[in-house]
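This report refers to the structure that appears directly beneath it.
The values are calculated or read from the model by the stated rules, or taken from the named source; none is laboratory data. Just so it is clear, the model here is predicted, and its values are computed rather than measured. Because the Cβ atoms are built from the backbone with ideal geometry, glycine has one as well, and the counts that use them run over all protein chains shown.
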Amino acid sequence: MKRHAVTGWLLPLTAVLVFGVALSATLGFLAVSIPDVFAILFAKLRGQAMPTTIDPVAATVVADVRLPRILAAVLVGGLLGVSGAVFQAILLNPLADSYTLGISTGAAFGASLVIVLQIFGLALPSGVSIPIFAFGGGVGTLAVVLFLAAGDRRLSSTSLILAGVIVAAILSAAIGFLKFLADEQVGLIIFWLMGSLAGASWANILLLAPAALLGTLTAVFYSRDLNIMATGDRAATSLGVNTVRLRLVLLTVATLMTALAVSVSGIIGFVGLIVPHLLRHLVGPDNRLLIPLAFFGGSLLLLIADTLTRAVLPSEVPIGVLTALLGGPFFCVLFKKRQRDGATAF
Amino acid sequence: MAQPLSEQDNAILWSLTGVNFGYNDTPVLRDVTLELRRGCCTGILGPNGSGKTTLLDLLAGLQTPQSGTIVFQGKPLSAWPKKQLARWLALVPQDFMVRFGFSVREVVEMGLHPHLHRFATPSATDQALIDQALAATGIVALADRPVTRLSGGEKQRVAVARALAQQPEMLLLDEATSNLDIHHSLEILHLIRHRFEHQAMQVVAVMHDLNLAALFCDRLIFLKQGQVVCQGPTEEVLTPANIEAVYGVEAEVRPNPFTNSRQVSFRLPA
């Protein structure tokens, strides 16, 4: 029944996404046609020389600047969308995302640390060490949160969220201190905290693409168990769902997905929160449908936001600011509407 | 489908020996030794906090005793794979809370989980089973409503419908009818009793209402402060002396020709 629904959505959404990527690649200072974009992409993927019919400058711009950035937007958006859906389903909280568990804050702390260490003269190569530290910060935070919450043997969502909020509060203070240490160069940290895809490279794509694929497939694999989790631990366990293992596996996978996304793009808020939330509003809470759709929803949202800031707006706005400015008010409207409808639970 | 269980009447289903259980050093059950046998509806009774729900959790394999043994179907309960237990045992929890707006039908469909392969789609037979469970609990009209918008009593009937869709050999009820009005309570108890009598579905029910328990259960287990006070056939153990010992209240117990069972009357302390 549901499988038809998923496959029914999959093809048109993939088509929309491919078309969106191509369209976005034509936009910018240098105009390129859509067929040329596909020709460049295929040449690049096969490692062949660029077609001679295309202006070599335009070919280089599209192949080495626009496409990696656009694909990074698609993959980061997808990773954030899926991990948000998973966090919400596991924590039984429609307002949960990587912030609630402190993971984004942990990743931000890792990245800020590199920037401050560089200011103090440590020769760390930014391109490699910021992603590594951001990733380590995110994963380390999850480890601390799990350790704090493990006193409660059943690893309940309340303990997890409480532990996440506590750790995030400490890390926020630590980031504040790093900003203070950075003194006049605080702008570097702030820019990273607001997120940007401007620095994305093909190497990032090679990292993000398998992560997005494996992570989404794992989440889809467990999607029926996730549905059952919504009826409470006791009921889920009595239906044969191993709730503790499910939480551990999916929290780890979703954290890895978030940390990887953050390590490439910096902090991009609201995607992981609003995409699953909105989709649940549109197609219902069934995770078998919701998780694949969250990938496409996140991808499209970030693709649009990044194209806006890259090619449409007169000057580049940090993408995290844009998603929050677009998503925030929208979220307020949705929230008020649901209150009026008398729905207490989402 | 589940493997056929021993069909022999009176076969021992659960056998508990010297079971102790507690949460963080607070003992909840102390030295519980009992046997639950096939062929009777068993009621677990006792005051609030006497460990009834915990005992049910132990029977369902949701908790493991700190000491003592639980043997289920001739094998230690913990040795059975969880998925296998889920095919045999269904639990109707006390407060059935669903956090997202799944439709009633979707929630009842979850009962098929232990029987379905991970990516299987419910077959026509499965759909018929869901329809049957919805009809039996009188919630067909609610099938497409989000479960978050239902009243407590309606939610409770969804929980029962899901347990029925699970096609269990044994049904564990945790005060499953406490939230329901008398009409729906009787309807659900009748439905379950019918399954017990005609399809040999075994039933263990934690109950609060002594009179409903007397109507519904063939055997009773009385718990007080985590210990078994007495157990036996309803006619033998439902006595003023036992009620006084367990609940500390004065009661009169009489056979009632209208209900065809023993019924308990109380009065306000003088």
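Can you pull out the residues in the range A:146-188 that are of a type in the set (A, V, I, L, M), in contact with a Ser or Thr (Cβ under 6 Å, 6 or more places away or on another chain) and modelled with pLDDT under 85?
A:ALA149, A:ILE161
Filter the range B:134-163 for residues that are in contact (Cβ under 8 Å) with a residue 24 or more places away in the chain, away from chain A (no Cβ under 13 Å) and either in contact with a strand residue (DSSP E or B) (Cβ under 9 Å, 6 or more places away or on another chain) or surrounded by fewer than 24 Cβ atoms within 10 Å (Cβ to Cβ) (or both) and give the result. Break it down into steps so the answer makes sense when it comes.
Residues of the range B:134-163 that are in contact (Cβ under 8 Å) with a residue 24 or more places away in the chain, as a first pass: B:134, B:136-139, B:142-150, B:152-153, B:155-163.
Checking which are away from chain A (no Cβ under 13 Å) leaves us with B:134, B:136-139, B:142-143, B:152-153, B:157.
Residues satisfying the conditions are B:LEU134, B:ALA136, B:GLY138, B:ILE139, B:LEU142, B:ALA143, B:GLY152, B:GLY153.
Take the range B:106-133 and flag every residue that is within 11 Å of chain A (Cβ to nearest Cβ), of a type in the set (D, E, K, R) and part of a helix (DSSP H, G or I).
Listed by number, the residues that qualify are B:GLU106, B:GLU109, B:ASP126.
Out of curiosity, is A:ALA85 buried (at least 24 other Cβ atoms within 10 Å of the Cβ), more than 14 Å from chain B (Cβ to nearest Cβ) and within 19 Å of A:VAL262 (Cβ to Cβ)? I'd like the intermediate steps shown before the answer.
Working: buried (at least 24 other Cβ atoms within 10 Å of the Cβ): yes; more than 14 Å from chain B (Cβ to nearest Cβ): no; within 19 Å of A:VAL262 (Cβ to Cβ): yes.
So A:ALA85 does not fit the description; no.
Looking for something surrounded by 22 or more Cβ atoms within 10 Å (Cβ to Cβ), assigned to a helix (DSSP H, G or I) and touching a Phe, Trp or Tyr at 6+ places or on another chain (Cβ under 7 Å) - is there at least one such residue anywhere in the range A:190-201?
no
State yes or no: is B:ALA86 without any contact (Cβ under 8 Å) to a residue 40 or more places away in the chain and of a type in the set (A, V, I, L, M)? Full working, then the answer.
Values: without any contact (Cβ under 8 Å) to a residue 40 or more places away in the chain: no; of a type in the set (A, V, I, L, M): yes.
Spelling it out, it is not the case that B:ALA86 is without any contact (Cβ under 8 Å) to a residue 40 or more places away in the chain and of a type in the set (A, V, I, L, M).
Out of (1) assigned to a helix (DSSP H, G or I); (2) crowded, with 24+ Cβ neighbours inside 10 Å; (3) more than 14 Å from chain B (Cβ to nearest Cβ), the odd one out for A:GLY320 is which?
(2)
This table checks each residue for (1) in contact (Cβ under 8 Å) with a residue 40 or more places away in the chain; (2) polar (S, T, N, Q).
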| residue | (1), (2) |
| --- | --- |
| A:TYR222 | no, no |
| A:LEU250 | yes, no |
| A:SER265 | yes, yes |
| A:PHE270 | yes, no |
| A:VAL275 | yes, no |
| A:PHE296 | yes, no |
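Within the range A:237-246, track down each residue that is buried (at least 19 other Cβ atoms within 10 Å of the Cβ) and either at the interface with chain B (Cβ under 9 Å from one of its Cβ atoms) or not in a helix (DSSP H, G or I) (or both).
Those that are buried (at least 19 other Cβ atoms within 10 Å of the Cβ) and either at the interface with chain B (Cβ under 9 Å from one of its Cβ atoms) or not in a helix (DSSP H, G or I) (or both): A:THR237, A:SER238, A:LEU239, A:GLY240, A:VAL241.
Do any residues in the range B:48-62 that are within 9 Å of B:GLN225 (Cα to Cα) have Cβ atoms under 7 Å from those of residues that are outside any helix (DSSP H, G or I), where the two are at least six apart or on different chains, and which pairs are they?
Short answer, once both residue conditions are applied: B:SER50/B:LEU223; B:SER50/B:LYS224; B:SER50/B:GLN225; B:SER50/B:GLY226; B:GLY51/B:VAL28; B:GLY51/B:LEU29; B:GLY51/B:LEU223; B:GLY51/B:GLY226.
Right, B:THR54: assigned to a helix (DSSP H, G or I), within 13 Å of chain A (Cβ to nearest Cβ) and over 30 Å from B:ARG145 (Cβ atoms) or not? Quick ask: steps written out before the conclusion?
Numbers: assigned to a helix (DSSP H, G or I): yes; within 13 Å of chain A (Cβ to nearest Cβ): yes; over 30 Å from B:ARG145 (Cβ atoms): yes.
Yes; evaluated as a whole, the condition is true for this residue.
Among A:VAL264, A:VAL275, which is the only one that is of a type outside the set (Ser, Thr, Tyr) and over 22 Å from B:ARG99 (Cα atoms)?
Numbers: A:VAL275 fails: over 22 Å from B:ARG99 (Cα atoms).
Just one listed residue meets the conditions, A:VAL264.
Looking at (1) at pLDDT 85 or above; (2) crowded, with 23+ Cβ neighbours inside 10 Å; (3) of a type outside the set (Asp, Glu), which is the only condition A:LEU113 fails?
Only one criterion is unmet by A:LEU113, namely (2).
If I filter the range A:208-229 for residues that are within 12 Å of another protein chain (Cβ to nearest Cβ), surrounded by 14 or more Cβ atoms within 10 Å (Cβ to Cβ), assigned to a loop (DSSP other than H, G, I, E, B) and touching a helix residue (DSSP H, G or I) at 6+ places or on another chain (Cβ under 7 Å), do I get at least one hit?
Checked against the condition, which is being within 12 Å of another protein chain (Cβ to nearest Cβ), surrounded by 14 or more Cβ atoms within 10 Å (Cβ to Cβ), assigned to a loop (DSSP other than H, G, I, E, B) and touching a helix residue (DSSP H, G or I) at 6+ places or on another chain (Cβ under 7 Å), the range A:208-229 yields at least one hit.
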